[in-house]
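Asker: Before I ask anything, let me first share the structure, which is written out below as structure tokens.
The values are calculated or read from the model by the stated rules, or taken from the named source; none is laboratory data. Values in this document were obtained by computation on a predicted structure and should not be read as measured data. Here the Cβ is made from the backbone with ideal geometry for all residues, glycine too, and neighbour counts use every protein chain on show. For accessibility, only protein heavy atoms count, side chains too; no ligands or nucleic acids. Shrake-Rupley method; radii C 1.70, N 1.55, O 1.52, S 1.80 Å.
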Amino acid sequence: MVFCLENEEPRLRLRSAMVHFQASEVQQLLHNKFVVILGDSIQRAVYKDLVLLLQRDSLLTAAQLKAKGELSFEQDQLVAGGQLGELHNGTQYREVRQFCSGSGHHLVRFYFLTRVYSEYLEGVLEELTYGPAPDLVIINSCLWDLSRYGRCSMESYRENLERVFVRMDQVLPDSCLLVWNMAMPLGERVTGGFLLPELQPLAGSLRRDVVEGNFYSATLAGDHCFDVLDLHFHFRHAVQHRHRDGVHWDQHAHRHLSHLLLTHVADAWGVELPKRDYPSGQPFPPHEFFNYNSTEDFSMSSHLGCGPGVNFVPGPLPPPVPGPIPHGQHRGPVVHRGMPRCAPNSPYHVPRMGGPCRQRLRHSDRLIHTNKLDRQPPAHSGTWPG
């Protein structure tokens, strides 16, 4: 999901169908890139699947998805928190992980967040200011914000969303692409570890609070010209891949999520992706991955601009998941210059913007030079600053 700047003529663009990425293609797409992922346990699984996909074409195991704060995962290292500190479900829990490939061409870092904006996040931003500049930031925080911070959690969440986007705008370089991952749909029963026993009465309303929170976060991200990936929409019919706790998702869902995310990133960077025919035998073919469940109702309240019974997130289902092409016929990504991005008929009303945002180019409108993916290895190889 993207938003248009003021005075920009609406233009239809050729949308890239979601691609089933191979590890070699992910390595090339993220060559010499520093990726930062911030958020809760869902975002940690996003980090883990990306780290795995940077190394080989296999899925996460159930044990890897469940693990928390381990000292090492698939050649990464625990930098802070987790088992280096105390494992608990409190709002002060910390976990910082980092993966640097053996070649030194890929760096991925994860910061666990229990609130979208806080003093801790300010420390993270300061770290990013003095360390290597990130090329891609993937962030979400929602469930903890709406369930662990008192009666006025939604109001606080909205205020903190504004703060975090302002600070990201100030701190991140113009060349950095920020993608806001909208929170994924919750089950009717929520028993995730982050929801303490005394907070269980909130479980019934939390799934609708998440929908409302998604509305605010997507709108505010658009106000600041950041990209939004609507995971709530993409997974609303994939409930059979959600765990029994009503919060977390299986390895097939997370690989599907990675494909969506990487396709979005490639599109934003103007990278042409290989075209493939969909083969049989994939781990989650569309007709099995998406299974409509009429009991799942994620309608919006009327005061948010959508009438009762209307789906919060519009648009078509993702296209079929392509598969690999025969060995020897691989064609590497081609980098284009400045692709116009405008998604018409968006349900989110984004006010006309004045000031610096009017002159600011979208990340995907900036010129992407043809040698971008082939520049020299970074000065830091091995362990980067933590």
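Asker: For Cα pairs less than 8 Å apart in space and 6+ apart in sequence, what is the mean separation divided by the residue count of the stretch 11-145, i.e. the relative contact order in percent?
Answerer: 32
Asker: Then there is this: Would you work out if the stretch 35-136 is rounded, prolate or oblate? Take a ≥ b ≥ c from the square roots of the eigenvalues of the alpha-carbon gyration tensor; rounded if a/c is under 1.5, else prolate when a/b is larger than b/c, oblate otherwise.
Answerer: oblate
Asker: Related question: Using a 1.4 Å probe and ignoring any ligands, DNA or RNA, find the accessible area of GLU86 and quote it in Å² to the nearest 10.
Answerer: In the full protein context, GLU86 sits at about 130 Å².
Asker: When the Karplus curve 6.51 cos²θ - 1.76 cosθ + 1.60 is applied with θ = phi - 60°, which whole-Hz ³J(HN,Hα) does each residue of the stretch 89-99 get, with x for Gly and Pro?
Answerer: 3J(HN,Hα) across the stretch 89-99, in whole Hz: 10, x, 6, 9, 5, 10, 7, 10, 10, 8, 10.
Asker: With a 1.4 Å probe and every protein chain left in place, tell me how much accessible area VAL96 has, in Å² to the nearest 10.
Answerer: Counting only protein heavy atoms, VAL96 exposes about 10 Å² to solvent.
Asker: Amide H neighbours of LEU178 under 5 Å, at least 5 residues apart or on other chains, H built in the peptide plane: list them.
Answerer: Those qualifying (amide H under 5 Å, at least 5 residues apart or on another chain) are VAL137, ASP227.
Asker: Further question on the same structure: If packing is taken as the average number of other Cβ atoms within 10 Å across a peptide's residues, how do 178-187, 38-47 rank, most packed first?
Answerer: 178-187, 38-47
Asker: If we sort 233-241, 155-163 on the protection proxy, mean other Cβ atoms within 10 Å, highest first, what's the order?
Answerer: 233-241, 155-163
Asker: How much of GLU188 can a 1.4 Å solvent probe reach, expressed as accessible area in Å² and rounded to 10?
Answerer: 110
Asker: Heavy atoms only, probe 1.4 angstrom, no DNA, RNA or ligands counted: give me SER258, SER103, SER58 ranked by accessible area, highest first.
Answerer: On the way: SER258 5, SER103 70, SER58 35 Å².
So the residues, ranked largest to smallest area, are SER103, SER58, SER258.
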